[in-house]
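Notes for the one structure printed next.
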Amino acid sequence: MPSLKDLKNRIGSVKSTQKITKAMQMVAAAKLKRAQDAATAARPYAMRMASVLANLSASAGAGGPKLLTGTGSDQTHLVVVMTAERGLAGGFNAYTAKLARQTIKELQAEGKTVKVLTVGKKGREQLKRDCESLFVGHVDLSGVKGGDFTESAIALGHSLTKRFDDGEFDVATLIYSQFKNVLSQVPTAQQLIPAAAPAEAETVDLGGAIYRYEPSESDILETLLPRYINTQLLSAMLESAAGEQASRMTAMDNATRNAGDMINSLSLQYNRARQAQITKELIEIISGAEAL
């Protein structure tokens, strides 16, 4: 049984931890508002880009750019895994890494060649044990200030399109956590290259009209597709950042509550031990007095 001093020290330690988790919860809540606003504001632009892409690709037909039509093969897959740079966010990073492992195993079971590019330190750490031999690159987001991922998204987009043009892969799939609400972040797999508009993207009803594009649809797509990929990457980074802060806020709230429960339990144990010690001392005093 621990001594009174041990119990007192442990209570003090848990109280200190509770202060830290409470502070982290408040910081995450403040950052969540900005991250959520940024992610929400990016969604209409990303969906409009997807809608334009869907309409142009339908007009271009099979003669579109390589970023749209692909290489004609799907043997080599690049899996881009996007997670956070920091931990203490509940299962946020673990769920994304789990989907990445599942996707990699399914592709390998089909006989595909898989390469992995990680975005964010935590995903790389969790996949290192099983997939280190598949790593072909890493993007560090620790230097991003104020939640502005624009430069990082453009740099990553340029890197992916260059790798694709160099023939390093045939299909690129992005895995990230999509922010739904404070309690729900959904791990999502989205094909980036060849570019494919989401199924929910709106299409324009031409009403039978025939449009002629100047320049041609292919020329427009040559310019639009790299921007579309950059937009999807930026949107995913903003969604992931919002999900990270929401998950961290929830995790720190649970940790604060658990610390409070532990303090109550330890305080009860301390009071009982102290009462037992006082009772024992009183019995010893009374016994000594009777012996005299």
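No lab work stands behind these numbers, since they all come straight from the coordinates. Just so it is clear, the model here is predicted, and its values are computed rather than measured. No Cβ is skipped: glycine too gets one built from the backbone with ideal geometry, and neighbour counts run over all protein chains shown.
Residue by residue through segment 253-270, which ³J(HN,Hα) values in whole Hz follow from phi under the Karplus form 6.51 cos²θ - 1.76 cosθ + 1.60 (θ = phi - 60°), with glycine and proline marked x?
Taking θ as phi minus 60°, the curve returns 5, 5, 5, 5, 5, 5, 5, x, 5, 5, 5, 4, 5, 5, 5, 5, 5, 5 Hz for segment 253-270.
What is the chain's relative contact order, in percent, from Cα pairs under 8 angstrom and six or more apart in sequence?
33 percent
For the chain, give the share of DSSP beta bridges that are antiparallel, in percent and rounded to the nearest 5; count only bridges with both residues there.
Of the beta bridges lying entirely in the chain, close to 35 percent run antiparallel.
Report relative contact order for segment 45-192 in percent, whole number only (criteria: Cα-Cα under 8 Å, sequence separation at least 6).
Result for segment 45-192 is 28 percent.
Could you pull out the pairs from Lys31/Lys180; Lys66/Lys128; Lys66/Lys122; Lys66/Lys121 whose alpha carbons sit more than 24 Å apart here?
Lys66/Lys128; Lys66/Lys122; Lys66/Lys121
Mind checking the full-extension length gain between Lys162 and Asp140? Use 0.36 nm per residue of separation minus the Cα-Cα distance, one decimal, nm.
Length difference between fully extended and current span is 6.0 nm.
Can you sort Phe92, Phe135 by how many other beta carbons sit within 10 Å, fewest first?
Arranged by neighbour count, lowest to highest, Phe92, Phe135 become Phe135, Phe92.
Pop a pseudo-label 7 angstrom from the Cα along the beta-carbon direction at both Lys105 and Gln277 and give the gap in nm to one decimal.
According to this spin-label approximation, the distance is 5.2 nm.
Check Leu78: other-chain or 5+ apart residues with amide H under 5 Å from its amide H, H built from backbone geometry?
Lys115, Asp170, Val171, Ala172, Thr173
Order of Val136, Val119 from fewest to most other C-beta atoms within 10 Å?
Taking fewest neighbouring Cβ atoms as first place, the list is Val136, Val119.
From the helices alone, meaning DSSP H stretches of at least four residues, give me the mean residue ellipticity at 222 nm for the chain, per-run term -39500 (n - 2.57), in deg cm²/dmol to the nearest 500.
Rounded to the nearest 500, it is -22500 deg cm²/dmol.
Would you please put 142-155, 168-181, 232-245 in order of how densely packed they are, using the mean number of other Cβ atoms within 10 angstrom per residue and starting with the highest?
My ranking of the peptides, most packed first, is 232-245, 168-181, 142-155.
Go through [x] 15.0; [y] 17.8; [z] 21.4 and flag the label whose value is the computed mean projected area of the Cα convex hull in nm² for this structure.
It is the one labelled [z].
Taking the Cβ of each residue in Met252, Met49 as the centre, tally the other Cβ atoms inside 10 Å and list the residues starting with the fewest.
Starting with the residue having the fewest Cβ neighbours, the order is Met49, Met252.
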